[in-house]
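K.L.:
Structure below; questions to follow.
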Amino acid sequence: MSDIILFPPTETLLRVADVGYTKSSRYFYAQLILALLAGAFIAFASNASTIASFNLLAQPETFGLGKLVSGLVFPTGLIFVVLAGAELFTGNCLLVVSVLEKRIRFSQMLKNWGLVYLGNIIGSLLVVMLVFYSGQLSSAGNALGGTSIKLAYGKLSFHFIQSFCLGVLCNWLVCLAVWFSLSVKDILGKVLSCFFPVLVFVTAGFEHSIANLYYVPIGILATHVPEYVQASALTNEALQHLTVHNFLFKNLIPVTIGNIVGGVGFGIIMWIVFKPQKKS
């Protein structure tokens, strides 16, 4: 096994700028398809992390362990995205580096964000529908369906500012993972680069807009099955919070704004510190 080669930060910055140029130069349908794949990959990881940890999350004394187990499984989503060359909105917040390096225009970055976000939505919701109609949520005596409802309710219990702040913290770490992955060449280095930052954000309970496109819609759909509702043990008043309106305005929008601030802010800081110095 060869040693992992780590590029210096200044060279990594230029690699980030180059990747941003490549991403924004693809045909729109290629960006959309790659974004659909990334949305599906993140949804796969969200589903698997829920299955791995739902029994632990249900008990207060094992809640922390459950978050850790979820954090150990979820990084596979970003690993799939990075190794497959898919397009993930949160990671593409680093396109700001390409703008600052004058490799792409600001309008190109916004166009990429829009296409990629749309593709991530489609990919995530596709997996949501397949999981729901597969009957998988009936696992463990409908406990998986009940836990899916409770997870969605928990995400809709935050105020706007809380969701925003949790979104900032999340994408700070996600973009750190993407930065790390571009600072190495070999597959093992890229896997490890993605694993640890994502482990931290999931275990800490920070909010990822694309992951929430799985967690909340699957919970909302689960409320239409009486057996899942009964397994959730939530009151009718709590269940009434699980609406598309609340998902958009109490979670998805503030978390997305927070993700942008966290990712773009990280990219700007790294550019200020490590941008190539012009020789006099």
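K.L.:
With every atom except the alpha carbons ignored, what do you get for Rg and Dmax of the range 1-124, in angstroms?
P.N.:
17.3, 52
K.L.:
So if I place +1 on the C-beta of Lys and Arg and -1 on the C-beta of Asp and Glu, and nothing else carries charge, what would the dipole magnitude of the range 6-163 be about its Cα centre? I want it in debye, nearest 20.
P.N.:
340 debye
K.L.:
A further question on this structure: For the chain, what is the mean residue ellipticity at 222 nm derived from helices alone (per DSSP H run of n ≥ 4: -39500 (n - 2.57); sum divided by total residues; nearest 500 deg cm²/dmol)?
P.N.:
-24500 deg cm²/dmol
K.L.:
Which residue, Ser98, Pro254, Gln31, has the largest displacement toward the positive end of the dipole of the chain when charges sit on each Cβ (Lys, Arg +1; Asp, Glu -1)?
P.N.:
Ser98
K.L.:
For the chain, compute Rg over Rh where Rg is the Cα radius of gyration and Rh is the Kirkwood radius from the inverse mean 1/r over Cα pairs.
P.N.:
1.00
K.L.:
Once Rh for the range 156-280 is found with the Kirkwood sum over Cα pairs, what is the Stokes-Einstein diffusion coefficient at 20 °C and 1.002 mPa s, in µm²/s?
P.N.:
Translational D for this selection: 130 µm²/s.
K.L.:
At 7 Å along Cα-to-Cβ for each site, give me the label-to-label distance between Gln240 and Leu65 in nm.
P.N.:
So the two model labels end up 3.8 nm from each other.
K.L.:
Right, here's the next one. Determine which residues of the range 193-211 fall in the zone a paramagnetic label at Ala48 would reach in this model, i.e. backbone nitrogen under 14 Å from the point 7 Å along Cα→Cβ.
P.N.:
Under cut-off, by backbone N: 195, 199.
K.L.:
How would you classify the range 1-42 from its alpha-carbon gyration tensor, with a ≥ b ≥ c the square roots of the eigenvalues: rounded for a/c under 1.5, else prolate if a/b is greater than b/c, otherwise oblate?
P.N.:
On the way: a/c = 3.33, a/b = 1.62, b/c = 2.05.
The shape class here is oblate.
K.L.:
For Leu130 and Ile187, what is the calculated FRET efficiency with R₀ set at 25 Å and r taken between the beta-carbons, to the nearest 0.05?
P.N.:
Plugging the Cβ-Cβ distance into 1/(1 + (r/R0)^6) gives 0.30.
K.L.:
Just going by the charge dipole of the range 59-171, with Lys and Arg at +1 and Asp and Glu at -1 on Cβ, which of Leu156, Pro60, Gly114 is farthest out on the positive end?
P.N.:
Checked the options; the winner is Gly114.
K.L.:
Label the range 139-199 by shape, choosing from rounded, prolate and oblate, from the square roots a ≥ b ≥ c of the eigenvalues of the Cα gyration tensor; if a/c is under 1.5 it is rounded, and otherwise prolate applies when a/b is larger than b/c, oblate when it is not.
P.N.:
Because a/c hits 1.5 or more and a/b fails to exceed b/c, the range 139-199 counts as oblate.
Rule-based calculations on the coordinates, nothing more; no lab input. This structure is a prediction, so every number in the text was calculated from the model and none was measured. In this analysis, Cβ positions are derived from the backbone assuming ideal geometry, glycine residues included, and neighbour counts consider all displayed protein chains.
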